[in-house]
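These notes are about the structure you will find just below.
Every number here is computed from the coordinates shown, using simple stated rules; none is lab data. It should be emphasised that the depicted structure is a prediction, and the values quoted were computed from it without experimental measurement. When we count neighbours, we look across all protein chains shown, and the Cβ atoms used for this are built from the backbone with ideal geometry, even at glycine.
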């Protein structure tokens with residue numbers, strides 16, 4: 001097994017930085033006539049097709065083993081909710097706030113893992129979770145009346161779905177490579193993503209010829225698909241070069257990067273309470289990562 005920690009960490013940082021561009025480019029596309037759900041549809045199609053091509057070129061069969069059916073179904077639902085929920089939330093609330101809410105998912109995973117394993121989370125995990133949710137309260141609470149509840153609910157649903165995606169993905173990886181199940185999952189949810197886009201657009205797809213999408217909007221949408229594919233590949237390389245416990249903490253760069261890109265690309269500024277709440281959530285993410293590292297180090 002390859003163990004090149006330095007290269008793995010470099011790939012993790014690169015992937016986290018690239019992921020940080022995705023919601024911002026979705027928001028920029030929205031401001032140029034491309035609805036976020038249509039960016040989601042395009043990204044889903046791009047990932048499904050590119051991963052299928054890579055799998056075929058590597059001689060991998062696009063086959064779903066029977067024992068993986070249950071986990072695959074959960075993975076499909078979770079991926080659809082994440083794709084639609086997280087990316088669509090930026091239509092209703094600032095990108096920085098969406099990422100604060102969405103990135104409660106590592107804390108939720110930290111809290112859920114012991115319960116799934118059949119034992120108590122323990123006071124440290126519970127304390128970190130309470131601190132993280134307090135941070136969410138600080139970020140959202142004072143501005144709640146000025147925020148669109150749809151954005152908050154969409155980002156929250158995506159965070160919960162990410163927990164399901166994590167555990168089902170771990171199970172699926174026993175039977176299939178990431179490129180195979182990544183392709184099959186995205187191709188499976190592609191019709192649903194199209195129907196969501198059609199419903200949200202009142203029967204009109206705005207990225208099609210004659211729609212309202214502008215040239216810059218289509219360019220941002222194409223960027224969403226391209227960046228996500230590259231980020232995912234680099235993400236998988238980080239896990240190839242080093243154990244997950246080594247690289248996982250470095251993905252905490254993503255919410256920071258997302259907020260910075262929002263400030264530069266979109267000129268977005270959050271309220272002071274949102275920065276404070278985001279800092280509390282980020283602190284909780286780092287603490288949860290340290291717990292993961294400590295657990296991975298146990299013999």
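Here are the numbers for the structure shown:
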item: Förster radius 35 Å - calculated FRET efficiency between residue 199 and residue 56, Cβ distance, rounded to 0.05; result: 0.60
item: Separation in nanometres of the label points that stand 7 Å from Cα toward Cβ, at residue 150 and residue 214; result: 2.2 nm
item: Candidates 191, 123, 178: whichever shows maximal mean-square fluctuation once the chain is modelled as a Gaussian network with Cα springs under 10 Å; result: 123
item: Sorted by Cβ density within 10 Å, fewest first, the residues 171, 104; result: 171, 104
item: Estimated inter-spin distance, residue 236 and residue 272, nm [label 7 Å along Cα→Cβ]; result: 4.7 nm
item: Largest-first principal axis extents of the Cα set of segment 96-169 (Å); result: 41, 27, 15
item: Cα extents of segment 39-126 along the three principal axes, largest first (Å); result: 48, 37, 20
item: Ranked 130, 281, criterion: other C-beta atoms within 10 Å, fewest first; result: 130, 281
item: Principal axis box of the chain, alpha-carbon based, largest edge first, Å; result: 61, 53, 34
item: Two-decimal ratio, segment 116-241, of alpha-carbon radius of gyration to 2.2 N^0.38 Å; result: 1.40
item: Sorted by Cβ neighbour density within 10 Å, fewest at the top, the residues 84, 204; result: 204, 84
item: Within a Gaussian network of the chain (alpha carbon springs, distance under 10 Å), most fluctuating of 194, 41, 103; result: 194
item: Calculated P(r) tail over 15 Å for segment 1-91, as whole % of Cα pairs; result: 73 percent
item: Distance in nm between pseudo-label sites at residue 260 and residue 192 (7 Å out along the Cβ direction from Cα); result: 3.5 nm
item: Within a Gaussian network of the chain (alpha carbon springs, distance under 10 Å), most fluctuating of 174, 188, 46; result: 174
item: Rg to Rh quotient for segment 216-275, alpha carbon positions, Kirkwood Rh; result: 1.08
item: Euclidean distance between Cα centres, segment 93-132 to segment 168-186, Å; result: 24 Å
item: Estimated 222 nm signal from helices in the chain, with DSSP H stretches of n ≥ 4 weighted -39500 (n - 2.57), rounded to 500; result: -25000 deg cm²/dmol
item: By average C-beta atoms within 10 angstrom, highest first, the peptides 150-159, 265-274; result: 150-159, 265-274
item: Segment residue 174-residue 134, extension gain: residue separation times 0.36 nm, minus the distance between their alpha carbons; result: 10.8 nm
